[in-house]
Amino acid sequence: MHYKNKPYRYIGVAKHSEELIDYVIYECLYPNDLGTLWIRPKDMFFEVADFQGRTKPRFTQVPFEIKKFSALTPELSQGLLKLCHETLIDFNEESFLAKFKNQKNMTVFCFYYEQTLVGFKAGYELDETKYYSWLGAVSKTHRRLGVAKALMHEQHAWAKSQNYMLMQTKSDNRHKEMMQLNLNEGFNIVGTEQTALSPALKILFEKKL
Ligand SMILES: CC(C)(COP(=O)(O)OP(=O)(O)OC[C@H]1O[C@@H](n2cnc3c(N)ncnc32)[C@H](O)[C@@H]1OP(=O)(O)O)[C@@H](O)C(=O)NCCC(=O)NCCS
């Protein structure tokens, strides 16, 4: 986070080929007509200096943590239900909770920003080789900061470590951001689904792990 309260993604340090000076490469996480990728001398990126009359770091690291759960605790249920009501259209609390009881190898990856739950990604096993990325959401106040992407990476890495070979997921037109994310993260569209029970046309995605 820049001292002017703008979010950036730190990418890494690169050495200038001629000057042999270290530069930080970082990505702007909000629309900026001047550009998305930026570089700044490493010393300057990490400096603590006088800004707006106060001594502070130019950039501060955002304190976050991703935790994996395989069962619902009362505190987790409360946090997830709050987030789901806030973010998901037609959210049904009963069927959400029932899924946790009925599905095999259920996991929830939770993203905490300053100890507050701001995003999650839940999934379960379809068979020994396939895992299903069932549901995910990010709080409206923490979008486009890479939260969903980070959760997806954690879920996929974990599923791979458990010897699942394929990740499946579904999405419909109401969740365009999720479809964008799926495509950008290497999922392929493999079909569509429409049932009497859920009449919205769903796009089926698969990704080899
Ligand atoms: C979909 C959702 C989880 C994305 O969360 P997020 O943390 O804002 O997503 P990220 O910041 O990790 O974005 C990752 C990528 O997804 C895509 N994406 C996310 N939001 C997007 C948007 N509004 N428009 C276009 N692409 C978008 C982009 O490719 C983005 O990468 P980029 O920022 O490098 O361009 C969030 O918008 C959400 O909770 N939506 C409501 C709930 C929902 O639709 N759930 C799906 C039902 S399972």
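When the residues of segment 115-144 are filtered to those that are closer than 16 Å to GLU75 by Cα and surrounded by fewer than 23 Cβ atoms within 10 Å (Cβ to Cβ), the one that is modelled with the lowest pLDDT is GLN115. Kindly evaluate ASP172 against the criterion of being assigned by TED's automatic domain parsing to the domain that holds LYS82, more than 8 Å from the ligand (Cβ to nearest atom) and more than 23 Å from LEU72 (Cα to Cα). Criteria met by ASP172. Looking only at residues in segment 152-164 that are surrounded by fewer than 22 Cβ atoms within 10 Å (Cβ to Cβ) and more than 22 Å from ASN102 (Cα to Cα), the one that is farthest from the ligand (Cβ to nearest atom) is SER161.
Inspection of segment 151-169 finds no residue satisfying the criterion of being basic (Lys, Arg) and farther than 21 Å from LEU183 by Cβ. Which of the residues spanning segment 28-45 are surrounded by 13 or more Cβ atoms within 10 Å (Cβ to Cβ) and modelled with pLDDT of 95 or more? Selection gives TRP38, ILE39, ARG40, PRO41, LYS42, PHE45.
Here the condition is being touching a residue at least 24 places away in the same chain (Cβ under 8 Å) and surrounded by fewer than 10 Cβ atoms within 10 Å (Cβ to Cβ); of SER17, SER70, SER95, it holds for SER70 alone. The residues in segment 124-151 that are near the ligand (Cβ under 10 Å from one of its atoms) and touching a His at 6+ places or on another chain (Cβ under 9 Å) can be counted, and the count is 1. Those strands (runs of 3 or more DSSP E) of segment 54-154 in which at least 2 residues are within 30 Å of MET165 (Cα to Cα) and not hydrophobic (A, V, I, L, M, F, W, C), considering only elements entirely within it, cover 64-69, 107-113, 116-127, 130-138.
The values are calculated or read from the model by the stated rules, or taken from the named source; none is laboratory data. None of these values were measured; they are calculated from a predicted model. Note: ideal-geometry Cβ built from the backbone for every residue, glycine included; neighbour counts use all protein chains shown.
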